[in-house]
Each structure stands twice: as structure tokens, then as C-alpha cells.
Amino acid sequence: MPTARSTPNIALIKYWGNRNEELRLPMADSLSMTLDHPTVEITLETGDRLAIHSFDSDGRAKTLTENQVSRWQKTLALCRRYLATLDESEVLPEKLVLTIRSHIPPSVGLASSAAVFSCLAKAIAGLVREQITLTDEQVSVLARLGSGSAARSIYGGFSALKAGEGKEIGSSAAIQIAPEDHWLLHDIVIIPSHDEKKVGSTEGHALASTSPFYEQRVEDIRRKRQPECVDAVLKRDFEKLQRVTEEDALDMHHVMETSTPSLKYLTADTHRIVAAIKDLRTKEHLPVLFTMDAGPTVHLLCTDEAKSHVLAFAHEQKGCTIYETKIGPGSTLLP
Ligand code: DP6
């Protein structure tokens, strides 16, 4: 009865757009830092039918929506399809009982899908380990089938989801770039709004190619941004990391806003916070960078020396919830 634990990650080079939507095969590489919390735990058992029990951060049982149930079913079916390519189609039973415990506070607005689906992948690896030992790359493929960004949360520290080539279900996997102890970076999260986003990432990815700037984005990531970001991480070069990460986040939002229909995730609050942090870092020479995913939340990544200053800045932002997290160890199987 394996139980796995995992966490979200924050992307430095953003994953946006697929070459195959159903299989979540990305168009371009992405890169992220895995966070140390909030955590999600999943226990897998065999039962007499598929059952999913989900509990929130207060330990209260949650009723899943039809869409959520269907995403779990689709993901499990895709996982079986992938395991079949490894000649192990029978190892993952149809009749599974999943118990999901999320410690992600509802008010935090942090994307839970990366934590949840990396956790599922790790739990599956635990369930099938007597029949087959899956490598981390293979576990990252299982995670990717539930949520693209989840592939990166298999590893601690910094990891990259390699786009790969072709149409095979296993043709895109994540690798680790550097472990957790390579570079202590913090992520101070500033959440201006708790409204549900109108268009989720899954639907958003499908619109990426309608932007006239998308082809250039993919080309820029392939040719320069991903290699530059890997290099900045390996050399612990914060200035370079800041330049390439911010350029990539703004470029992704430019693609989102110029797609049809236009996706506007950033709000006046986001722009105000970004302008203020730029101001502060010019004045104080602070090693801090900003990045935003598919929502108005601002992530401020900083070194240990800048942390207290950045936290103080975050707490000055009126009407915002602040969440403090840092680089983490990735997904694990609990003993
Ligand atoms: C903007 O991994 O959430 O956060 O595969 O549909 O679950 P699905 O998409 P998801 O997309 C992540 C989008 C992003 C950028 C990133 O994390 O790389």
C-alpha cells in the first residue's frame, strides 16, 4: 500500500503549448525549481472498483467534480497505455482506491496539479515496483500524462522537461539539472486574488498556436533561453537567471494575450507589484526576480541574503496573501 508525497514547482522557462494535447507532449523544453511545500500525499490500494477519496488541508472530505473524476480516469488510462509500451500493461489494476491528502491551503492559489500528478506517478511506481523498477525519467512520463508541469516535480532542486520529438507517449520526459542543495533560493509568493481562473492551463495550451508570436517563442526557447537558463542555474548566476526568467515569463504572457481568444491572466495588481519590485531592486541592488504562471500571482525568487527584505516588501502589498516557500527535495515514497 504505497504512499507518496510531492510538491508543486515554479517554472523559470514556462511550458506553454503542446504538439499533442491528449498525450501532453510539449512543443518546447521547460525548466523549474521544485518547492519544499505545500505537500500532497497519495495512497494507492487495490479495491473492488475505482474509488477516489480526496481530503483538503483541514482534513475535510472533498467531493470531486465530474471533470476532475474524468481527468483522473483519463490519466490512469494513459498511464496503463504507457506501461504497456514497457511491456507491463497489466501491472496497474483498473480497480484502484486512491486516497489524496492535499495540504495546499485553498487561499494560496498555488497550482496543485503539478503536486498531485507527480505524487500519483510516484505512488504508481511504488505500487508496481515488485514487477518493474521504473526509472525517474519513466516516472516523470507518468506524471506528465496527468499534468505537463508535474513531470518536473519528480525531482528535487532544478529540473527540465525535455520536449523530445515524435508522437510516442514516452517521447517527452523530465531530467534533473541540479539537486536541492545546489543553490538555496526562496520563492515568496504574493497572491492578489483568489478568484478561480476562467481558462485553465489545459485549455490554454490548446490556444497557444493561435498567437502569431508562438512560433518565435518556441524557436527562442530552443535556440537560446533554455540553454541560457540551464547555464545560469549551473553557475548560480542570479543576474543571468533573472534576465532570462523574466524575459520568458513576459513572453509567455504576450503569447497568451495575443492568442484567439485572448487570455489575460495578469491584472493591475500584478503589474503594480512587478513595477514596485523592479524599483526596489534598482534602489537596493537586491537579488530578486519575478515570474507569473497562468494567474495574477507573483512569485518572487530570491537568494537567502535577500529573503528578509523581499518578505518585508511582500507584506507591504495591501490585500494580498503571502506564502513563503523554498527549493525542495521532489517527490518521495513514504516508508
Ligand atoms: C503556465 O502543467 O498546468 O504554469 O498539463 O494542462 O495540467 P496541464 O498544464 P500545466 O501547465 C503549466 C503552465 C504554466 C507554466 C509551467 O508551469 O511551466
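The values are calculated or read from the model by the stated rules, or taken from the named source; none is laboratory data. In this text the structure is predicted, and so the values were computed from the model without any measurement. Ideal geometry is used to build each Cβ from the backbone, glycine not excepted, and the neighbour counts take in all protein chains shown.
Picking from residues in region 112-142 that are within 13 Å of residue 34 (Cβ to Cβ) and in contact (Cβ under 8 Å) with a residue 40 or more places away in the chain, the one that is farthest from the ligand (Cβ to nearest atom) is 136. Residue check: residue 25 meets all listed conditions (1) in contact with a Leu (Cβ under 9 Å, 6 or more places away or on another chain); (2) within 30 Å of residue 247 (Cα to Cα) but one, namely (1). From the list 163, 208, the lone residue that is in the same structural domain as residue 19 (by TED's automatic domain parsing), within 15 Å of the ligand (Cβ to nearest atom), of a type outside the set (Asp, Glu) and in contact (Cβ under 8 Å) with a residue 12 or more places away in the chain is 163.
Annotation note: of 71, 49, the sole residue that is in a loop (DSSP other than H, G, I, E, B), out of contact with any strand residue (DSSP E or B) (no Cβ under 8 Å at 6 or more places or on another chain) and either farther than 13 Å from residue 142 by Cβ or not assigned by TED's automatic domain parsing to the domain that holds residue 172 (or both) is 49. Specify the residue that is surrounded by the most Cβ atoms within 10 Å (Cβ to Cβ); the eligible residues are those in region 1-31 that are within 11 Å of the ligand (Cβ to nearest atom) and either at pLDDT below 95 or among the small types (Gly, Ala, Ser) (or both). Per the criteria, the residue is 30. For first residues located in region 301-322 and touching a residue at least 40 places away in the same chain (Cβ under 8 Å), partners that are surrounded by 12 or more Cβ atoms within 10 Å (Cβ to Cβ) and among the acidic types (Asp, Glu) and lie 6+ apart or on another chain with Cβ distances below 6 Å form the pairs 301/187. Would it be correct to say that residue 3 is in contact with a helix residue (DSSP H, G or I) (Cβ under 8 Å, 6 or more places away or on another chain) and either β-branched (Val, Ile, Thr) or not assigned by TED's automatic domain parsing to the domain that holds residue 101 (or both)? It is true that residue 3 is in contact with a helix residue (DSSP H, G or I) (Cβ under 8 Å, 6 or more places away or on another chain) and either β-branched (Val, Ile, Thr) or not assigned by TED's automatic domain parsing to the domain that holds residue 101 (or both).
Entry remark, region 295-335: residues being surrounded by fewer than 20 Cβ atoms within 10 Å (Cβ to Cβ) and part of a loop (DSSP other than H, G, I, E, B) number 7 in total. For region 313-326, the criterion of a residue being of a type in the set (Asp, Glu) and more than 15 Å from the ligand (Cβ to nearest atom) is satisfied by at least one position. Scanning region 170-194 for residues that are surrounded by fewer than 24 Cβ atoms within 10 Å (Cβ to Cβ) and within 14 Å of the ligand (Cβ to nearest atom) gives 187, 189. Among the residues of region 28-37, those that are out of contact with any Ser or Thr (no Cβ under 8 Å at 6 or more places or on another chain) and assigned to a loop (DSSP other than H, G, I, E, B) comprise 28, 29.
Among the conditions (1) more than 18 Å from the chain's Cα centre (by Cα); (2) in contact (Cβ under 8 Å) with a residue 24 or more places away in the chain, residue 198 misses just one, which is (2).
Checked against the criterion of being within 12 Å of residue 13 (Cα to Cα) and over 20 Å from the mean Cα position of the chain (by Cα), region 236-251 has at least one qualifying residue.
Could you tell me whether any residue of region 48-63 is at pLDDT 95 or above, among the charged types (D, E, K, R) and away from the ligand (no atom under 16 Å from the Cβ)? The answer is no; no qualifying residue exists.
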